[in-house]
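Undergrad: Structure below; questions to follow.
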């Protein structure tokens, strides 16, 4: 038997949920038709019962703490189920799709992410896909507290990371170089030697492929003119489309890059390998969307 004092006060939780959604106590109070002090008091009581701080004040704004973000996620789930219950008893459809939350570092090529995630949208069961972009370390932290089901990455989990996570190799491919038609025609005949002194647009040093590329260029004594470094590789491709320079992308998306950006393939370097990983907190994959992404990548995309 549970002690009645351990029961969660759902009124307090609901007020917290509203404040978190609205971004301020004032807006939540307006929505709930309650006084500001009433909600403030309920929030303090909830923090006391949960033994944790839910918000911190940044300037004039209330911002969820890490603990508050975890509580909000559970609250969101609780009140979503509550709405389903209301729909059910009123005879309304209440089918609830399975949520699939996936993190994508901002350095991951969008065309690769699209190809990797497409199988999740094609599952027979209804899946609600939520994509989160950001820095790799931030997304890994989100994965660690189960706010993400999957993290896509161009590198495995480092042994130095203090997060219990497992990486699953999805596949690997060559590195291709692209350019606007006139620039491609000029550098294609003697590729890859033509990279020497060629105008080049590259990902930042945060990416695994950039580190491999730098090493390969050094080994072959090639010194291109680096005109730009990009965290957003889609932006890099747009500048490449304008003829600003040659740029690299995974060979597995050659057709999509050429079609979307009206560029041409200059050449391929098989010695540089682009690798892609699925990172999860489980060694054995269980979520149907995660399983679909991994199986399709290995059997189709990187076959």
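Rule-based calculations on the coordinates, nothing more; no lab input. Since this is a predicted model, take the numbers as computed values, not measurements. Every residue, glycine among them, receives a Cβ derived from its backbone with ideal geometry; neighbour counts consider all protein chains shown.
Undergrad: Using the number of other C-beta atoms within 10 angstrom as an exposure proxy, rank 124, 40 with the fewest first.
TA: Going from sparsest to densest Cβ surroundings: 124, 40.
Undergrad: Could you list 177, 100 in order of exposure, starting from the residue whose Cβ has the fewest other Cβ atoms within 10 Å?
TA: With the fewest neighbours first, 177, 100 line up as 100, 177.
Undergrad: With a 10 Å cut-off between alpha carbons and a GNM built on the chain, which of 140, 13, 34 moves the most?
TA: 34
Undergrad: Residue separation times 0.36 nm, minus the C-alpha to C-alpha distance between residue 221 and residue 38: what's the value?
TA: Between residue 221 and residue 38, full extension yields 58.9 nm more.
Undergrad: Going 7 Å from the Cα of residue 98 toward and past its Cβ, which residues in the stretch 125-145 have a backbone nitrogen under 17 Å from where you end up?
TA: 125-131
Undergrad: Can you classify the stretch 174-274 as rounded, prolate or oblate using the Cα gyration tensor, where a ≥ b ≥ c are the square roots of its eigenvalues, rounded means a/c under 1.5, and otherwise it's prolate if a/b beats b/c and oblate if not?
TA: Cα axes put the stretch 174-274 in the rounded bin.
Undergrad: Once both labels are modelled 7 Å past Cα along the beta-carbon direction, what's the residue 58-residue 165 spacing in nm?
TA: Here the answer is 2.1 nm between the modelled labels.
Undergrad: Which angle from 0 to 90°, rounded to the nearest 10, does the C-alpha axis of helix 10-22 make with the longest principal axis of the chain?
TA: 40 degrees
Undergrad: Counting helices only, and only those DSSP H runs with n ≥ 4, report the 222 nm mean residue ellipticity of the chain as the sum of -39,500 (n - 2.57) divided by its residues, in deg cm²/dmol to the nearest 500.
TA: -12500 deg cm²/dmol
Undergrad: How would you rank 235, 54, going from fewest to most other Cβ atoms within 10 Å of each one's own Cβ?
TA: Least to most surrounded, the residues fall as 235, 54.
Undergrad: Given [x] 152; [y] 197; [z] 129, which label gives volume of the Cα convex hull per residue in Å³ as computed from the coordinates?
TA: Entry [y].
Undergrad: Would you mind checking the tilt of helix 110-121 against the longest principal axis of the Cα atoms of the chain, expressed as 0 to 90 degrees and rounded to 10?
TA: The helix 110-121 is inclined about 50 degrees to the chain.
Undergrad: Quote to one decimal, in nm, the extra length available between residue 73 and residue 259 on full extension: 0.36 nm per residue of separation minus the C-alpha distance between them.
TA: Taking residue 73 through residue 259 to full extension adds about 63.0 nm, to one decimal.
Undergrad: What is the calculated FRET efficiency for residue 186 to residue 21, with r their C-beta to C-beta distance and R₀ = 45 Å, to the nearest 0.05?
TA: With R0 = 45 Å, the Cβ-Cβ based efficiency is 0.25.
Undergrad: Pairing the Cα long axis of helix 208-219 with the longest principal axis of the chain, what angle in degrees results, from 0 to 90 and rounded to the nearest 10?
TA: Roughly 20 degrees between the two axes.
Undergrad: Could you tell me the center-to-center distance, by alpha carbons, between the stretch 168-239 and the stretch 97-136 in angstrom?
TA: The stretch 168-239 and the stretch 97-136 have Cα centres spaced 26 Å from each other.
Undergrad: Please give the length that would be gained between residue 83 and residue 145 if that part of the chain were fully extended, namely 0.36 nm times their separation in residues minus their C-alpha to C-alpha distance (nm, one decimal).
TA: Between residue 83 and residue 145, full extension yields an extra 19.8 nm.
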